[in-house]
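Peer 1: One structure, as structure tokens, below. Some questions next.
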Amino acid sequence: MELLRFATAGSVDDGKSTLIGRLLFDTQSLLEDQLAAVERTSHARGDEYVNLALLLDGLKAEREQGITIDVAYRSFATAKRRFIIADTPGHLQYTRNMVTGASTADLALILVDARKGVVEQTRRHAFLASLLRVPHLVLCVNKMDLVGYDADVFERIREEFRQFSMKLDVTDLAFIPVCALGGDNVVTRSGRMPWYQGPTLLHHLENVHIASDRDLIHLRFPVQSVIRPASTKQFHDHRSYAGQILGGVMRPGDEVKALPSGFTTRIQSLEVAGRPVAEAFPPMSVSVTLEDALDVGRGDMLCRPGNPPTVGQDVDAMVCWLSDAAVLGAGARLALKHTTRMARAMVKRLHYRLDVNTLHRDVGSPGLKLNEVGRVTLRTTVPLFFDAYRRNRGTGSFILIDEGTNATVGAGMINGPAVEG
């Protein structure tokens, strides 16, 4: 069954957790004890209704304040699809958590309070979803009950967001008016908004086309580990390479090139969970056996001989800075993890800081602070095998790590090889 990953975003109190709770409740994806626990907590808080948002707010501070702080992951399934939800925070100081949740999403679901309309965090999260190349975007205008289910309010918000989205790189955009608290247009169509003729949120999630979002042309297989079984009797001279396919299709007999050595060979066999398969494609995790004994290890990459990634040590990238303990500026030295390859990196140049609200480029910025986004040139100690992020999110992304604390301090999206001048 096909899997859709989607992330919720939006400003504080727009109803993200309530909407996800409603999806889980109306699709009968909750266990009886989960629902009973939420009912008890709602009663103890003095709520006049079952507060479905509590299904997502797992931290004590979240329940006390009624906000989302951490990224909460939930899964459910219908007859058509499986879903993994990342419920991300709306507060400005937790923007980095929103980046974490949206980085692997196929779809971003941005909520807007019908009373407030498009606000700063709406634009911020829409921009970040665009920067992260989330292929599909849905704007849910929530709390329609508090504006009398007025069609004019919905149309005004839709037009305002549509105008802003024209400045972004958004390829698929949908608008749905909902009331998460009452379930209007979430799973079932609302009789209170007859003027809306589009799909419900669940119908849209079940039918949005995601198969073409993945790169099936350019083979990219970063090697994660070498498999050498201890039992030489059962697996005589066995050597295979495990990893996740980030692009292209692999079949036994296909010719591949190993990077960085440049030697070519052919695929002898493919296995998934110990069973042979005739072909494999993204995002499958597979074990690959090659016909020839090449020197291939963790951090290396298999690709097509005539279609390799860019190989280089100087990259031009957009970086979202995730640390409040330091500022990212020219000369900073960090560890960098790209696919399965580790390197040390130095910031050669900070080109500009990008104001995610106005999209203005501040070329005089001395550095990036927490939650800020900017364009940088990095120099790595070893060559990376990369593609532009817009072509392949897997081989076009990386994270920056503070070597002293081992904390992740930055998320990067590669534009391409650096061209100084």
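The values are calculated or read from the model by the stated rules, or taken from the named source; none is laboratory data. None of the values given here were measured: they were computed from a predicted structure. Because the Cβ atoms are built from the backbone with ideal geometry, glycine has one as well, and the counts that use them run over all protein chains shown. Surface areas here come from the heavy atoms of the whole protein model, side chains and all, with no ligands, DNA or RNA. Shrake-Rupley method; radii C 1.70, N 1.55, O 1.52, S 1.80 Å.
Peer 1: Which one of these does Ser240 not meet: (1) in contact (Cβ under 8 Å) with a residue 60 or more places away in the chain; (2) among the polar types (S, T, N, Q); (3) more than 30 Å from Leu368 (Cα to Cα)?
Peer 2: Tallying (1) in contact (Cβ under 8 Å) with a residue 60 or more places away in the chain; (2) among the polar types (S, T, N, Q); (3) more than 30 Å from Leu368 (Cα to Cα), Ser240 fails exactly one: (1).
Peer 1: Moving on to the next point. Could you run through the stretch 291-311 and say how many residues are in a strand (DSSP E or B), open to solvent by less than 60 Å² (accessible area, probe 1.4 Å) and modelled with pLDDT of 95 or more?
Peer 2: 5
Conditions tested, residue by residue: (1) in a helix (DSSP H, G or I); (2) more than 20 Å from Arg22 (Cβ to Cβ); (3) polar (S, T, N, Q).
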position	(1), (2), (3)
Val112	no, no, no
Arg115	no, no, no
Gln121	yes, yes, yes
Arg124	yes, yes, no
Phe127	yes, yes, no
Val134	no, yes, no
Asp145	yes, no, no
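Peer 1: Might you let me know whether the stretch 196-215 holds any residue that is part of a loop (DSSP other than H, G, I, E, B), of a type in the set (S, T, N, Q) and in contact with a strand residue (DSSP E or B) (Cβ under 6 Å, 6 or more places away or on another chain)?
Peer 2: First pass over the stretch 196-215, keeping only residues part of a loop (DSSP other than H, G, I, E, B): 196-200, 208-210, 214-215.
Next cut, of a type in the set (S, T, N, Q) only: 197, 200.
Subset that is in contact with a strand residue (DSSP E or B) (Cβ under 6 Å, 6 or more places away or on another chain): none.
Among the residues of the stretch 196-215, not one is part of a loop (DSSP other than H, G, I, E, B), of a type in the set (S, T, N, Q) and in contact with a strand residue (DSSP E or B) (Cβ under 6 Å, 6 or more places away or on another chain), which makes the answer no.
Peer 1: Let me ask something else. Count, please, the residues in the stretch 150-170 that happen to be touching a strand residue (DSSP E or B) at 6+ places or on another chain (Cβ under 8 Å) and of a type outside the set (Gly, Ala, Ser).
Peer 2: 7
Peer 1: Ok, one more. Looking at Ser261, is it surrounded by fewer than 16 Cβ atoms within 10 Å (Cβ to Cβ) and either farther than 30 Å from Ala174 by Cα or among the β-branched types (Val, Ile, Thr) (or both)? Even if it seems obvious, please write down each step before you answer.
Peer 2: Details: surrounded by fewer than 16 Cβ atoms within 10 Å (Cβ to Cβ): yes; either farther than 30 Å from Ala174 by Cα or among the β-branched types (Val, Ile, Thr) (or both): yes.
So Ser261 passes the test.
Peer 1: Answer yes or no as to whether Ala108 is in contact with a helix residue (DSSP H, G or I) (Cβ under 7 Å, 6 or more places away or on another chain), in a strand (DSSP E or B) and among the small types (Gly, Ala, Ser).
Peer 2: Details: in contact with a helix residue (DSSP H, G or I) (Cβ under 7 Å, 6 or more places away or on another chain): yes; in a strand (DSSP E or B): yes; among the small types (Gly, Ala, Ser): yes.
It is true that Ala108 is in contact with a helix residue (DSSP H, G or I) (Cβ under 7 Å, 6 or more places away or on another chain), in a strand (DSSP E or B) and among the small types (Gly, Ala, Ser).
Peer 1: Continuing with the same structure: Any residue that is farther than 30 Å from Gly374 by Cβ and in contact (Cβ under 8 Å) with a residue 24 or more places away in the chain - is there at least one of those in the stretch 115-137?
Peer 2: At the first step, the residues of the stretch 115-137 found to be farther than 30 Å from Gly374 by Cβ are 115.
Okay, now just the ones that are also in contact (Cβ under 8 Å) with a residue 24 or more places away in the chain, so 115.
The answer is yes, given that some residue of the stretch 115-137 is farther than 30 Å from Gly374 by Cβ and in contact (Cβ under 8 Å) with a residue 24 or more places away in the chain.
Peer 1: Residues in the stretch 393-406: is at least one within 20 Å of the chain's Cα centre (by Cα), open to solvent by 10 Å² or more (accessible area, probe 1.4 Å), closer than 30 Å to Arg239 by Cα and among the small types (Gly, Ala, Ser)?
Peer 2: Checked against the condition, which is being within 20 Å of the chain's Cα centre (by Cα), open to solvent by 10 Å² or more (accessible area, probe 1.4 Å), closer than 30 Å to Arg239 by Cα and among the small types (Gly, Ala, Ser), the stretch 393-406 yields at least one hit.
Peer 1: Test Ser285 against the stated conditions and say whether it is of a type in the set (Gly, Ala, Ser) and either more than 22 Å from the chain's Cα centre (by Cα) or more than 26 Å from Ala108 (Cβ to Cβ) (or both). Please lay out each step first, then the result.
Peer 2: Details: of a type in the set (Gly, Ala, Ser): yes; either more than 22 Å from the chain's Cα centre (by Cα) or more than 26 Å from Ala108 (Cβ to Cβ) (or both): no.
Answer is no for this residue.
Conditions tested, residue by residue: (1) over 17 Å from Ala7 (Cα atoms); (2) among the β-branched types (Val, Ile, Thr).
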| site | (1), (2) |
| --- | --- |
| Val99 | no, yes |
| Leu107 | no, no |
| Ala114 | yes, no |
| Val118 | yes, yes |
| Ala126 | no, no |
| Asn142 | no, no |
| Asp152 | yes, no |
| Asp184 | yes, no |
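Peer 1: Would a scan of the stretch 140-158 turn up a residue that is surrounded by 17 or more Cβ atoms within 10 Å (Cβ to Cβ), closer than 14 Å to Leu109 by Cβ, at pLDDT 95 or above and in contact with a His (Cβ under 9 Å, 6 or more places away or on another chain)?
Peer 2: Within the stretch 140-158, none of the residues are surrounded by 17 or more Cβ atoms within 10 Å (Cβ to Cβ), closer than 14 Å to Leu109 by Cβ, at pLDDT 95 or above and in contact with a His (Cβ under 9 Å, 6 or more places away or on another chain).
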